[in-house]
Each structure stands twice: as structure tokens, then as C-alpha cells.
Amino acid sequence: MSCVLGIDIGGTSIKAGLFTPEGKLVEVKKIPTGAIDDEKAFAEVCEGLSSLVVGAGFLPDDVAAVGLDIPGPVDDGGRVGMLPNIRLDPDGLKTAIKHEFGKAALAFVNDANAAALGELWQGSARDLSSFVMVTLGTGVGGGVVTGGKLVSGAFGAGGEIGHITVNAGETRVCGCGRRGCLEQYASATGIVWLYQQACKADGGEHPKPEHATDTITVFDACRDGDACAERAIDQMCDTLGLALAQISCVIDPAAYLIGGGVAGGFDLFAERLAASFRSHCLSTSASARILPCSLGNEAGMYGVAYAALQEAAKGE
């Protein structure tokens with residue numbers, strides 16, 4: 001009997017899921033890490049993965065495939081590009097994992113693309129052949145699937161929808177170094193900023209976000225009828241709807257899946273976002289659905305496990 005590992009790599013820890021080849025999640029293990037760029041770190045990761053495998057009743061040779069999602073571009077050939085937010089040596093980690101699990105195929109996938117694959121395999125997109133995953137968190141990520149296949153791009157930038165320009169007149173600089181990116185308005189950071197700007201213009205008393213990504217306070221204020229929160233969410237939806245309309249001109253997907261931490265407020269903005277999209281898009285694309293993701297924070301683990309299984313199938 002074989003198993004598959006899906007590994008979600010973060011800045012301070014990795015979350016590893018053990019799956020059956022059919023997609024059933026057997027067990028999850030969190031492995032604390034710092035920089036993953038030397039032999040000691042590689043050994044700690046492999047030790048944690050092995051304990052997960054053995055603890056679930058498998059042997060290292062039972063691991064048929066290992067998938068890792070990376071917070072950075074990964075091209076169609078599986079080559080990892082820049083990793084601005086994490087210290088990781090992909091080649092060194094790959095060598096260590098291959099040594100630990102000698103029979104396993106290995107796949108690297110961008111984290112947002114992995115979430116898209118997870119939803120395709122076991123989530124909201126199981127019955128869809130084309131869709132765009134939109135992850136709204138600290139930033140805005142995306143994953144494009146057409147014909148049932150992920151489009152990661154020649155240089156790994158496929159699905160980087162957070163950096164579509166939606167306001168050429170913006171003076172603030174985005175994390176990518178450009179200005180007016182979707183990420184500056186539709187991310188958690190963007191929503192809080194829009195709310196703070198609305199509150200400043202209003203001058204009245206309003207709930208104050210506890211930190212730069214505290215959308216919970218904004219959403220709660222909206223539910224309580226706060227006009228500034230309403231205005232911020234309307235602005236976010238109008239900007240995101242405009243961006244999705246532009247994507248439909250190129251991809252024309254059957255659906256958009258909304259995930260990430262901001263998706264916790266999906267009930268608040270789903271109708272507004274759909275209305276914005278339809279007001280901006282070509283009439284031929286107006287039937288595209290906007291749906292919530294169903295796998296939550298586990299979508300990436302599912303997705304990289306699926307990608308690894310596809311990699312394993314190539315070698316059969």
C-alpha cells in the first residue's frame with residue numbers, strides 16, 4: 001500500500017499532510033522550521049516527515065510521491081524562481097527528500113497554484129475543467145486551470161493576478177516594486193487600508209483594526225452597519241471585479257474560486273463582487289460563477305500531493 005506527502009512550506013513551519021493515492025487525508029503534522037538551507041535543517045524536515053509516515057503505519061519506501069508548495073514562482077518545468085519571503089535551498093531539500101524517500105517522485109508547485117490543484121482534485125472545482133483560483137490573504141495570489149491542467153507559465157508568473165494594474169495613478173509602491181496593483185486593494189492589507197482611508201475622511205468614531213491585516217474588525221463593523229466598512233468593501237469588490245473581468249478576456253474561465261483568509265467574509269461580499277464582475281465583463285463571460293473554496297487552509301497540501309501523483313504517473 002502506498003501513500004503521498006503534501007507539504008505546505010511556510011516561513012516558520014511546514015504543514016505536511018499524508019494522503020492515500022485516492023485523495024483521502026490520513027494525518028497532518030506541523031514541523032517547526034526556520035531557514036531551510038543547510039544540512040541540519042534538511043535533516044529536521046526529513047525526520048519530521050518520516051515520523052509522520054511511520055506513525056501512520058507506513059514505511060519510507062511506501063511513499064510514492066512528495067509534493068512541496070513554495071511561496072514563489074515555479075515554472076512549467078518545475079524550476080523554482082525567486083523566493084523573496086523565505087530562506088530555502090530547493091535543490092538541497094530535494095536531494096535530502098530523495099535520499100529519505102528513495103522511491104518517491106517529487107514536485108514543486110507555487111503555493112497559490114497548489115491551492116488551485118487541491119480544489120480541482122478534492123474541492124469546489126472537482127466538476128470544473130476551467131477556473132481561476134483567487135487567494136486573498138496578506139497579498140493576492142492566483143492559480144489558473146484550463147482544460148483540467150494548471151497554467152504556471154514559462155517563467156512561473158502564470159496566475160500572478162495580484163499584480164494586475166488596476167490603478168495606474170496610484171502613488172503607493174506595491175511589494176513587487178510597481179504601483180496600482182490589485183494586491184494593494186483586494187488583499188487583507190488593502191481592505192484595512194481602504195477602511196482606514198474611509199474612516200479618516202469621515203472623521204467620526206469607528207472600530208480600529210488591531211493590525212495591518214485585521215479584516216475581521218472591518219467585516220464585523222460592516223455587519224454592524226458601519227458606513228466606512230461598507231465603503232471599503234464596496235471599493236474592494238469593485239476593484240477585484242474589474243480585475244476578474246480583465247482575466248475573463250484572456251482566460252474566460254467557467255468560475256472563480258475565492259480562498260485565503262479574506263474569504264472568511266465571503267458571505268458579506270459575494271453578491272457585491274458578482275455584481276461588480278458582471279458590470280465590468282464582456283457579456284459573453286457574465287455567466288462565470290464566483291464560488292468559495294471548500295478546502296480552506298489545507299488546499300495547498302492537497303494540491304501538491306496531487307501534483308506529485310501526476311509526476312509519479314509520468315515515470316510509470
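The values are calculated or read from the model by the stated rules, or taken from the named source; none is laboratory data. Small disclaimer: the values here were computed from a predicted structure and weren't measured. Note: ideal-geometry Cβ built from the backbone for every residue, glycine included; neighbour counts use all protein chains shown. What goes into the accessible areas is simple: the full protein's heavy atoms, side chains included, and nothing from ligands, DNA or RNA. Shrake-Rupley method; radii C 1.70, N 1.55, O 1.52, S 1.80 Å.
Can you name the condition, by its number, that Lys98 falls short on among (1) modelled with pLDDT of 80 or more; (2) within 19 Å of the chain's Cα centre (by Cα)?
For Lys98, the failing item is (2).
Just one of the numbered conditions (1) open to solvent by less than 30 Å² (accessible area, probe 1.4 Å); (2) free of Cβ contacts under 8 Å to residues at least 60 places away in the same chain; (3) out of contact with any helix residue (DSSP H, G or I) (no Cβ under 9 Å at 6 or more places or on another chain); (4) aliphatic (A, V, I, L, M) is not true of Val250; which one?
Condition (1) is where Val250 drops out.
Among the residues of the stretch 103-135, write down those that are in a strand (DSSP E or B), among the aliphatic types (A, V, I, L, M) and farther than 17 Å from Glu298 by Cβ.
Listed by number, the residues that qualify are Ala105, Leu106, Ala107, Val132, Val134.
For residues that are assigned to a loop (DSSP other than H, G, I, E, B) and among the polar types (S, T, N, Q), scanning just the stretch 1-57, find the one that is surrounded by the most Cβ atoms within 10 Å (Cβ to Cβ).
Per the criteria, the residue is Thr33.
Hey, could you check the stretch 290-316 for residues that are in a loop (DSSP other than H, G, I, E, B) and of a type outside the set (D, E, K, R) and say which is surrounded by the fewest Cβ atoms within 10 Å (Cβ to Cβ)?
For the stretch 290-316, the residue satisfying everything is Gly315.
Applying the selection to the stretch 269-289, what residues are open to solvent by 30 Å² or more (accessible area, probe 1.4 Å) and part of a helix (DSSP H, G or I)?
Result: Glu271, Arg272, Ala275, Arg278, Ser279, His280, Ser283, Thr284.
What do you reckon, is Asp111 open to solvent by 40 Å² or more (accessible area, probe 1.4 Å), closer than 25 Å to Cys237 by Cβ and of a type in the set (Asp, Glu)? Walk me through it before giving the result.
Details: open to solvent by 40 Å² or more (accessible area, probe 1.4 Å): yes; closer than 25 Å to Cys237 by Cβ: yes; of a type in the set (Asp, Glu): yes.
So Asp111 fits the description; yes.
Which residues, counting only those in the stretch 202-244, are in a helix (DSSP H, G or I), open to solvent by 70 Å² or more (accessible area, probe 1.4 Å) and either among the basic types (Lys, Arg) or in contact (Cβ under 8 Å) with a residue 60 or more places away in the chain (or both)?
Listed by number, the residues that qualify are Arg223, Arg231.
Identify, by number, the condition in (1) open to solvent by 50 Å² or more (accessible area, probe 1.4 Å); (2) touching a Gly at 6+ places or on another chain (Cβ under 6 Å) that Gly118 doesn't meet.
Here Gly118 clears every test but (1).
Suppose we filter the stretch 136-146 for residues that are outside any loop (DSSP other than H, G, I, E, B) and surrounded by fewer than 20 Cβ atoms within 10 Å (Cβ to Cβ); how many remain? Don't jump to the end; show me each part of the working.
Just the residues of the stretch 136-146 that are outside any loop (DSSP other than H, G, I, E, B), to begin with: 136, 140-146.
Within this subset, residues satisfying the condition of being surrounded by fewer than 20 Cβ atoms within 10 Å (Cβ to Cβ) are 146.
Residues that pass the stated criteria total 1.
Checking the structure you have, find out if any residue of the stretch 66-85 is touching an Asp or Glu at 6+ places or on another chain (Cβ under 6 Å) and either aliphatic (A, V, I, L, M) or free of Cβ contacts under 8 Å to residues at least 12 places away in the same chain (or both).
First, the residues of the stretch 66-85 that are touching an Asp or Glu at 6+ places or on another chain (Cβ under 6 Å): 69, 71.
In the following step, the residues that additionally are either aliphatic (A, V, I, L, M) or free of Cβ contacts under 8 Å to residues at least 12 places away in the same chain (or both) were identified as none.
No, the conditions are met nowhere in the stretch 66-85.
For the stretch 147-200, which positions are β-branched (Val, Ile, Thr), crowded, with 20+ Cβ neighbours inside 10 Å and farther than 18 Å from Val250 by Cα?
Thr189, Ile191, Val192
Output the number of the condition that Asp61 fails; it satisfies all remaining conditions of (1) within 17 Å of Asp37 (Cα to Cα); (2) open to solvent by 30 Å² or more (accessible area, probe 1.4 Å).
Condition not satisfied by Asp61: (1).
Does Ser287 fit the bill of being closer than 25 Å to Ala198 by Cα and small (Gly, Ala, Ser)?
no
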